[in-house]
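Only one structure is covered here, and it is reproduced in the block below.
The values are calculated or read from the model by the stated rules, or taken from the named source; none is laboratory data. Only a predicted model underlies this, so the values are computations on that prediction, with no experimental measurement involved. Neighbour counts run over all protein chains shown; Cβ positions are idealised from the backbone, glycine included. Keep in mind that these areas ignore ligands, DNA and RNA; they rest on the heavy atoms of the full protein, side chains included. Shrake-Rupley method; radii C 1.70, N 1.55, O 1.52, S 1.80 Å.
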Amino acid sequence: MKHVSMLKRALLLLALGLGVGATPVLAQEAPTPEYIMWTLNNLWIMLSGALVFIMHLGFATLESGLTQSKNTVNILFKNAMIICIGVLTYALIGFNLMYPGDFNGFLSFAAVPGFISIDPSDAEAVAASLTPAYNEGYTWYTDFFFQAMFAATAATIVSGAVAGRIKLSSFLVFATLFVSLSYPITGAWKWGGGWLDGLGFYDFAGSTLVHSVGGWGALVLAAMLGPRLGKYGKDGSVNVIPASNLPLAAIGVFLLWFGWFGFNGGSVLSADAATVSLVLVTTSMAAAAGGLTTGIVSWLRDTKPDLSMALNGILAGLVGITAGADQMMVWEAVVIGMVAGVLVYFSVIFVDQKLKIDDPVGAISVHLVCGIWGTLAVGIFGQLAGLPQLGYQLVGILAIGAFTVIFCLLVGFLVKATMGLRVDAHEETIGLDVGEHGMHAYPDFLISGNGVLESESEKVLAGA
Amino acid sequence: MKHVSMLKRALLLLALGLGVGATPVLAQEAPTPEYIMWTLNNLWIMLSGALVFIMHLGFATLESGLTQSKNTVNILFKNAMIICIGVLTYALIGFNLMYPGDFNGFLSFAAVPGFISIDPSDAEAVAASLTPAYNEGYTWYTDFFFQAMFAATAATIVSGAVAGRIKLSSFLVFATLFVSLSYPITGAWKWGGGWLDGLGFYDFAGSTLVHSVGGWGALVLAAMLGPRLGKYGKDGSVNVIPASNLPLAAIGVFLLWFGWFGFNGGSVLSADAATVSLVLVTTSMAAAAGGLTTGIVSWLRDTKPDLSMALNGILAGLVGITAGADQMMVWEAVVIGMVAGVLVYFSVIFVDQKLKIDDPVGAISVHLVCGIWGTLAVGIFGQLAGLPQLGYQLVGILAIGAFTVIFCLLVGFLVKATMGLRVDAHEETIGLDVGEHGMHAYPDFLISGNGVLESESEKVLAGA
Amino acid sequence: MKHVSMLKRALLLLALGLGVGATPVLAQEAPTPEYIMWTLNNLWIMLSGALVFIMHLGFATLESGLTQSKNTVNILFKNAMIICIGVLTYALIGFNLMYPGDFNGFLSFAAVPGFISIDPSDAEAVAASLTPAYNEGYTWYTDFFFQAMFAATAATIVSGAVAGRIKLSSFLVFATLFVSLSYPITGAWKWGGGWLDGLGFYDFAGSTLVHSVGGWGALVLAAMLGPRLGKYGKDGSVNVIPASNLPLAAIGVFLLWFGWFGFNGGSVLSADAATVSLVLVTTSMAAAAGGLTTGIVSWLRDTKPDLSMALNGILAGLVGITAGADQMMVWEAVVIGMVAGVLVYFSVIFVDQKLKIDDPVGAISVHLVCGIWGTLAVGIFGQLAGLPQLGYQLVGILAIGAFTVIFCLLVGFLVKATMGLRVDAHEETIGLDVGEHGMHAYPDFLISGNGVLESESEKVLAGA
């Protein structure tokens, strides 16, 4: 950060063989317009990557806000580990799996760990990763940074649906395989230039490739795990297990909306302001329409408007617009958001009361149902609308859904058979914070409702 | 987000008639310097819009932190809905009302819903909204995105002052009218090129146009509603109703400062780095001076320094510098912040103890009093200082204040007469979370002080 | 924020003598490539400054999450004041002290308050601070904005280690001197072009200049203060004083990671995308490797994985990569992060159980130990690796460490002798929130464990 270090760095880069071409700004000659646009593209995509990163904090706070206080440490630990594991495995495997054709064969799945093993003394290899010569108008590092932040979101989506009962070790094994294999394989079908891309399937920023992939994982695992104890009575009654900290949940949704500006805006993959600004507007309009619609529907049907529902309505709108954020006019974004807002409301109730799948945060309804809706919407609204496109969208939804469900079932059963999926009833009752981590999230606070459990959990803590 | 989608999109855009001119980066020929600067302007203003968005999270956490835990869900719901309603109505009405002369008459109030109804098959209309041809050096979408995020803040300011006693439905009706009519009409007087602009009134980023407008709304509604039960004794005593969650309040103030970099920095309306960097520095210096000054004043007068006061001091400095952030030297920003820091301290006490208007978060003192101060400061300090300018500033403050007060009184009385403004005493006592939403913000936590109310609120919940 | 204000501003600037050269975009002629790159550099560094600002919220939430609820208000107040004091004193003294050679002698320590006293009527002086002529490719204001946000972090690091027992006034006096004298003096040795820079010492973004400087301050003050009451038994037992709010702590670590994109990314001091994108990737990989490693080590050694440890592992990785973030290949960043993750785990235990220095948040282990590690790593890995470099790094670590320790001891003893360093036992027992501020952080919530203290603190509050 020293002020005069630029010249020194320029000399260093020269010594490395990167030359003037790599960093023309350092040379005497004026930067070319191409170089400047390349800088701008990088800047926007890097900033978008940072915004997508903050979505992980959004998910962490949303999930710990919407679940019980006795499972909060566990959720925070899971979400902190997912971003760590996600970034590391994406460098090791995922990035290569998902974009096999990039980098002129420099990296391939066979050459694992590829990305992390550039020989620093191989000036040409280093230069290839840094110069404007990289084929997409930004550096390889910028590309990885943005894509890696994306990748980890798919696994995080699952985390909320299985909260309060999944074994920590089992979840982390599942999440690692999910983010390093399942997500990049189906991702490659479209974004890696694979067969779905060839077919004409369109998914701008991942209603299907990210959100419904995460949603399918949430559905399979939540179904395999069964509901939390006490969620469904033997008489068929459905009990509400209340969210423990609604300000945390609200912080989560606002941060997710904020991060979505990078998730969708950065998916333009350039600083092309015409498209990026359109995308920011359609994203915001759909979020707003989703939140307002769910708020109104909840008000009309429940007599009192439910905050968690309205917050999920905002997320529903965001997931819904994601597949076609660059294709829609403003009014179409509003309609897509409104439909998503209605869908999420009824889906949450349907999953909870009819399917009796216990999804503490509504991940299945938000990410799977609205992810499917958003993907179909590309065939109904916007510049690509038409029956053939609707067909392609359906094929993409089904193919990616089928692969993801099979993958999750296989891994789920394998993990269940070897490690077990679910904590025992005693641990679930005292909470996973004490059971898996030996700590309380809010030890200074008196927690209601579980006076007996408190003393029980103290015994476990003392023995730990 | 597919890597090779850029070419495809270029073809699509070409098919739409947007042509090479709209997105020269996609063409073979080099981007022009004008195109690049246009891209940079868009980028900065879009990022600023995202930063202004996060201020809504700042307000939500600040307000829920500074009020009672029994009203937290209600505050979060209000603030989530305001941003949704604000964005939607600004597209429908506000944007056209506020900037009537833009877009060569393409949009007008008569042509509602204008902005959201561009015919996607009308290539020329679409192109007009996306190309660099748009008159201000950025796209129409960028402009809307930034302005819409601004608009909703005015209504959010009111929310804090009326917390704990206003009917949810009545507030939402008021906020909708406020953000879609009152704010853009007075905004048009200056930023829309109206009569105050012609006069010479100066308000860089909205000390008056945003903050004191919100502050007047806060004053009128808080006065109409009357104080929370128990706030003022029959013997004239003034009771403190303590803030329930000070970490939330601190999160709010830090996020507001962060978002203010976009609020003021983006108001340069270009990426002109000379002005933007000056603005970021004046903004930070005023915030720091405000916070430190209020902290010291509170320490000297209350013997112990009050955290809420110091946090409001930071906001006071921010509001104070907003009208002239691009006009001040650094030392002037410090002085403006210090004066704001003193003003907010004594104003909070005056409003609370002399006027006996119950403003749970200090919105009137922060946004109205310091908004007026900041607007006047443009006539006292900086490049525009002088008696005539001070006169213009006074005219602007009075005119916008008069309009806003009359508007709020009219709407307030109309809502009061038809829907009622205030919840009943029983609901207020058990809290608006249970009363308006049928839920608790922190159901796992034992809440002190209202053991009786707890069981009462449980009864309401059970019946809900 | 008025749409047509650009022309008016252009005229204003012209009147001020800034001329067309300063803001070519406003003129008819096309902006030059040099001007555009200058704009881009400014933009990136300003955004980075905003990201570094948000680290102060990260520290505030991390520290208040990891300590007891009875000291929360005190921590929030300290951290809010540090950023205010830091920004103001950096303008007054620190900036000049740290970069004495800049600005062609326009500013110097002798000319205090220099930076804040530009005569607004001296068009040349104003212009010099705004034009592209400023020697480093960005404006003086941009430079100050970024550097001032940096400066305050060093003092904030100390804050966590002394939580729960230091007198507020004494801490603020210490922090003011630390941020305005100690930090900029040692900073000048390297980043100001001083003797360590001449020697060949390398510290890209401050593993030593910021983090270990803060860490030395934390060590000296925590040792001088002694442990919190009850932390160490007379029988030599070590007691755990649990963190009161782990979601707050997690919010803190995620925000710090987010802000570190600006801390390291902005330290490139230009928008040079090749280096910035590399830095964002090395930063993320080290953070991920640190978090995962500490999580695993904690799991293996404590049988249950500790959330606070894992969170500190992320910070350890971030501190570790900071000195050489622009010098490392991806795999080197991973190794540096892993080593940092192991180091922080054992260091926390060593400091707590062997040295018996009470550091409630682990600041010494995260910032001092990993700061030293990161600085040494520049001599072991990356483009500068080699025995001579390792020697320079060692010299830098020792020299800056010695100065900082001596400074802190001097100021510490001076403050102790005059004002006293530590609150009395009664105040410490009831908590610094009541003792120093007369308020509770969570007054609505029932706090466990200190039923007796509660009533005691109520007495103090009533008397206050």
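Collect the residues in region B:373-384 that are small (Gly, Ala, Ser) and assigned to a helix (DSSP H, G or I), keeping them in residue-number order. Walk me through it before giving the result.
Of region B:373-384, the ones small (Gly, Ala, Ser) are B:374, B:377, B:379, B:382.
Correct list: B:Gly374, B:Ala377, B:Gly379.
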Discussion item. Please pick out the residue among C:Thr72, C:Thr39 that is within 21 Å of the chain's Cα centre (by Cα), at pLDDT 90 or above and buried (at least 24 other Cβ atoms within 10 Å of the Cβ).
Written reply: C:Thr72
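Does B:Ala218 count as at negative phi, assigned to a helix (DSSP H, G or I) and within 14 Å of chain C (Cβ to nearest Cβ)? Outline the logic, then answer.
Working: at negative phi: yes; assigned to a helix (DSSP H, G or I): yes; within 14 Å of chain C (Cβ to nearest Cβ): no.
Taking the combined requirement at face value, the residue does not satisfy it.
With the condition kept exactly as written, say whether any residue in region A:246-261 is assigned to a loop (DSSP other than H, G, I, E, B) and open to solvent by 10 Å² or more (accessible area, probe 1.4 Å).
There is no residue in region A:246-261 that is assigned to a loop (DSSP other than H, G, I, E, B) and open to solvent by 10 Å² or more (accessible area, probe 1.4 Å).
Restricting region C:312-338 to residues that are open to solvent by 30 Å² or more (accessible area, probe 1.4 Å) and in contact (Cβ under 8 Å) with a residue 40 or more places away in the chain, which is nearest to C:Gly65 (Cα to Cα)? It would help to see each step written out before you state the result.
Let us first name the residues in region C:312-338 that are open to solvent by 30 Å² or more (accessible area, probe 1.4 Å), namely C:331, C:335, C:338.
Next cut, in contact (Cβ under 8 Å) with a residue 40 or more places away in the chain only: C:335, C:338.
Details: C:Val335: 29, C:Met338: 25 Å.
Filtering first and then ranking leaves C:Met338.
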Worksheet item: Of the numbered conditions (1) open to solvent by less than 10 Å² (accessible area, probe 1.4 Å); (2) under 19 Å from C:Leu221 (Cα atoms); (3) at pLDDT 90 or above, C:Ala154 satisfies every one except a single condition; which is it?
Response: (3)
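Might you let me know whether region A:153-160 holds any residue that is under 30 Å from A:Ser69 (Cβ atoms) and within 13 Å of chain B (Cβ to nearest Cβ)? First the steps, then the outcome.
Step one: filter region A:153-160 for residues under 30 Å from A:Ser69 (Cβ atoms), giving A:153-160.
From the residues that got through so far, the ones that are within 13 Å of chain B (Cβ to nearest Cβ) too are A:153.
Yes; the residues of region A:153-160 include at least one that is under 30 Å from A:Ser69 (Cβ atoms) and within 13 Å of chain B (Cβ to nearest Cβ).
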Discussion item. Test of understanding: among B:Val268, B:Val276, B:Val281, B:Val297, which residue is more than 9 Å from chain C (Cβ to nearest Cβ) and among the β-branched types (Val, Ile, Thr)?
Written reply: B:Val297
Worksheet item: Pairs, please: C-beta under 9 Å, at least 6 apart or cross-chain, first residue more than 18 Å from A:Val52 (Cα to Cα) and touching a residue at least 24 places away in the same chain (Cβ under 8 Å) and in region C:271-298, second buried (at least 24 other Cβ atoms within 10 Å of the Cβ) and charged (D, E, K, R)?
Response: C:Thr275/C:Asp326
Fill in: Where B:Ser284 falls short, out of the listed (1) under 14 Å from B:Ala325 (Cα atoms); (2) open to solvent by 10 Å² or more (accessible area, probe 1.4 Å)
(2)
Worksheet item: Which condition number in (1) in contact (Cβ under 8 Å) with a residue 60 or more places away in the chain; (2) within 13 Å of another protein chain (Cβ to nearest Cβ); (3) closer than 30 Å to C:Asp433 by Cβ is the one that B:Val240 fails?
Response: (1)
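Has region B:203-216 got any residue that is open to solvent by less than 40 Å² (accessible area, probe 1.4 Å) and of a type in the set (Phe, Trp, Tyr)? Walk me through how you get there before you give the answer.
From region B:203-216, those open to solvent by less than 40 Å² (accessible area, probe 1.4 Å) are B:203-215; that's our starting set.
From the residues that got through so far, the ones that are of a type in the set (Phe, Trp, Tyr) too are B:204.
The answer is yes; a qualifying residue exists.
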Discussion item. Being open to solvent by less than 30 Å² (accessible area, probe 1.4 Å), of a type in the set (D, E, K, R) and at pLDDT below 95: is that true of A:Asp444 here?
Written reply: yes
Worksheet item: Which numbered condition trips up A:Leu410, out of (1) under 24 Å from the mean Cα position of the chain (by Cα); (2) under 27 Å from A:Ala286 (Cβ atoms)?
Response: (2)
Response to the item:
Going through (1) within 30 Å of B:Ile54 (Cα to Cα); (2) more than 7 Å from chain C (Cβ to nearest Cβ); (3) at pLDDT below 95 one by one, A:Leu14 fails only at (1)
Discussion item. Looking only at region A:339-372, how many residues end up being touching a residue at least 60 places away in the same chain (Cβ under 8 Å), open to solvent by 20 Å² or more (accessible area, probe 1.4 Å) and assigned to a helix (DSSP H, G or I)?
Written reply: 4
Discussion item. Just to be sure I understand, how many residues within region A:400-428 are of a type in the set (A, V, I, L, M) and touching a Ser or Thr at 6+ places or on another chain (Cβ under 6 Å)?
Written reply: 4
Discussion item. For the list (1) modelled with pLDDT under 95; (2) β-branched (Val, Ile, Thr); (3) open to solvent by less than 10 Å² (accessible area, probe 1.4 Å), I need the number of the one condition that B:Val179 fails.
Written reply: (1)
